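What follows is a single structure, written as structure tokens, with notes after it.
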Amino acid sequence: MPAPSYTATIHPSTASIGAAAWNSLVPQTDGVVDNPFLDHAFFLALEESGCATGKTGWQPQHILLSDEAGTPVGLMPLFLKSHSMGEYVFDHGWANALERAGGRYYPKLQGSVPFTPATAPKLLIPSASLDAQSALLSTAQQLAARTEASSVHLTFVPEAEASLAETVGWLHRTDTQFHWHNRGYTDFEQFLDTLASRKRKTIRRERRDALVDGITVKWLTGAEITEAHWDAFFDFYEDTGARKWGRPYLNRAFFSLLGQYMADGVVLMLAYDGPNPIAGAINFRGRDRLFGRNWGAIRDVPFLHFEVCYYQAIDYAIAHKLAVVEAGAQGEHKLARGYEPVLTHSAHWIGHPGLRRAVADYLAEERPAVEHQQEVLETFTPFRKGDRQ
């Protein structure tokens, strides 16, 4: 049987692809997108707010694949980038090596959800057709040649996508995150009962100290979130961003657009001292998991970060019977709080033969090191023997 014939169209904006067409290609359950970061609304908010545009070094180059009848059958969210910021899979060393050798690393093509270190498919083919997935990979390589991009990077992808890309010559990279797993707990105390005694006592103390002097935490979602809530949260977010990387990636307009476009997928957790919010974290709810993203505070309260970002997320997941809490990138301190090490995956196509060989050699050494680190980290989880499954 001859291979299917596809037509690939490169879209320079999210808005140029209709929401219905986009979301029809994204995994859904009962008409709701499984992963909030793949929703057309999320990308549209990033674009319309000016956070992910050509001016910020994130020029959309989304690949829409259609069959012979003109029906959309596949999508790859893709950006032409002039830097490596906001990605969480670090390739600055690769860029420096190529540029020291007289080459040019930027622009590059980045298949990702901007500023979001959460695993989600990037080869969006509802039929799971290997031919269509391969066509998306091939199109990305052709686009790299056309735009004079040095490389294509698909970051935070499922392992199956990284493995498929590897079969057609892409490089496979791994890293570690920390996720909390709900094993059918009825409440937080039942989760604590699975931990070693010393760890239970530490967490109880941290929760008590975080909520000292009447500090409370409220969960807000959907229409409950007002512009005043967004104003408060943005102040928190700006403070954290200024301290960590100088200038926050997201602007105030983005959060208002979130409220307009997909508030039902947002869980805003705000800590209050009396009537005044003093800290907060934004989470996104998927089909079976809660994704923790940004946090900030305008007052330093011991352990309040752990309470709002980690323990409240666990409480929410238990209350809503969600299977997993993904707490974002990095952070070995999450281990002591019941979050377990999980491998993440990315796939990389590099056009320059010399750089490709060097990166392949580097990854051949890095992958076993990451796997060994994973094994070591698992020995530091706080669970009692026999309670970690």
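Measure off, as a whole percent, the carbon and sulfur share of the 1.4 Å-probe accessible area of the chain, all protein chains present.
With neighbouring chains kept in place, the figure for the chain is 52 percent.
Relative to the longest principal Cα axis of the chain, at what angle does helix 130-147 sit, 0 to 90 degrees, rounded to 10?
Here the helix axis deviates by roughly 80 degrees.
Pulled fully out, how much extra length does the chain show between Thr53 and Glu166, if you take 0.36 nm times their separation in residues and subtract their Cα-Cα distance?
Numbers: separation 113, 0.36 × 113 = 40.68 nm, distance 2.95 nm.
Difference between extended and current length: 37.7 nm.
Angle between the Cα long axis of helix 353-378 and the longest principal axis of the chain, 0 to 90 degrees, nearest 10?
For helix 353-378, the angle is close to 20 degrees.
Note down the relative contact order for the stretch 250-314 as a percent, whole number, built from C-alpha pairs under 8 angstrom at least six residues apart. Can you show the working numbers first?
On the way: 72 pairs, mean separation 15.3, N = 65.
After rounding, I find 24 percent.
Taking only DSSP H segments of four or more residues, each worth -39500 (n - 2.57), what value at 222 nm results for the chain once the sum is divided by all its residues, to the nearest 500 deg cm²/dmol?
-10500 deg cm²/dmol
What is the antiparallel percent of DSSP beta bridges lying wholly in the stretch 1-158, to the nearest 5?
Values: 18 of 21 bridges.
About 85 percent, rounded to the nearest 5.
Given R₀ = 35 Å, what would the calculated FRET efficiency be for Ala253 paired with Thr29, taking r from the Cβ atoms and rounding to 0.05?
Calculated value: 0.70.
Once you've got the GNM for the chain with C-alpha springs shorter than 10 Å, pick whichever of His40, His320, His11 has the biggest mean-square fluctuation.
Looking only at His40, His320, His11, the biggest GNM fluctuation is shown by His320.
Just to be sure I understand: with springs between alpha-carbon atoms less than 10 Å apart, which residue in Asn96, Asn35, Asn283 has the highest mean-square fluctuation in the Gaussian network model of the chain?
Asn96
Quick check: convex hull over the Cα atoms of the stretch 190-272, volume per residue in Å³, rounded to an integer? Display every interim value, and only then the final one.
On the way: hull volume 12.4 nm³, N = 83.
Per-residue hull volume (Cα only) is 149 Å³.
Mind checking which lysines have their C-alpha under 28 Å from Lys81, skipping anything on the same chain fewer than 8 residues away?
Within the straight-line limit of under 28 Å, Lys81 reaches these lysines: Lys55, Lys108, Lys122, Lys244.
How many angstrom lie between the Cα centre of the stretch 307-371 and the Cα centre of the stretch 171-223?
18
Projecting each Cα onto the charge dipole of the chain (Lys/Arg +1, Asp/Glu -1 at the beta carbon, about the Cα centre), which of Ala329, Gln142, Pro126 comes out farthest on the positive side?
Farthest towards the positive pole: Ala329.
Could you tell me the center-to-center distance, by alpha carbons, between the stretch 268-303 and the stretch 124-165 in angstrom?
35
Placing unit charges on C-beta atoms (Lys and Arg positive, Asp and Glu negative, everything else neutral), compute the dipole magnitude of the stretch 1-99 about its Cα centre in debye, rounded to 20.
Charge dipole, the stretch 1-99, about its Cα centre: 220 debye, nearest 20.
Of all DSSP beta bridges in the chain, what percent run antiparallel (nearest 5)?
Beta bridges within the chain, antiparallel portion: roughly 90 percent.
Kirkwood Rh and Cα-based Rg: tell me the resulting Rg over Rh for the chain, rounded to two decimals. Present the calculation step by step, with values, prior to reporting the outcome.
Numbers: Rg = 21.5 Å, Rh = 22.1 Å.
So for the chain, dividing Rg by the Kirkwood Rh gives 0.97.
Using the Cα centre of the stretch 248-308 as origin and beta-carbon charges of +1 (Lys, Arg) and -1 (Asp, Glu), tell me which of Leu268, Asn294, Ala253 is placed farthest towards the positive end of the dipole.
Farthest towards the positive end: Ala253.
Sorted by accessible area (1.4 Å probe), largest first, how do Arg252, Arg173, Arg384, Arg208 line up?
Solvent-accessible surface, decreasing: Arg208, Arg384, Arg252, Arg173.
The values are calculated or read from the model by the stated rules, or taken from the named source; none is laboratory data. Small disclaimer: the values here were computed from a predicted structure and weren't measured. Every residue, glycine as well, gets a Cβ built from its backbone with ideal geometry; the counts of neighbours run over all protein chains shown. In case anyone asks, the SASA skips ligands and DNA or RNA and just uses the protein heavy atoms, side chains included. Shrake-Rupley method; radii C 1.70, N 1.55, O 1.52, S 1.80 Å.
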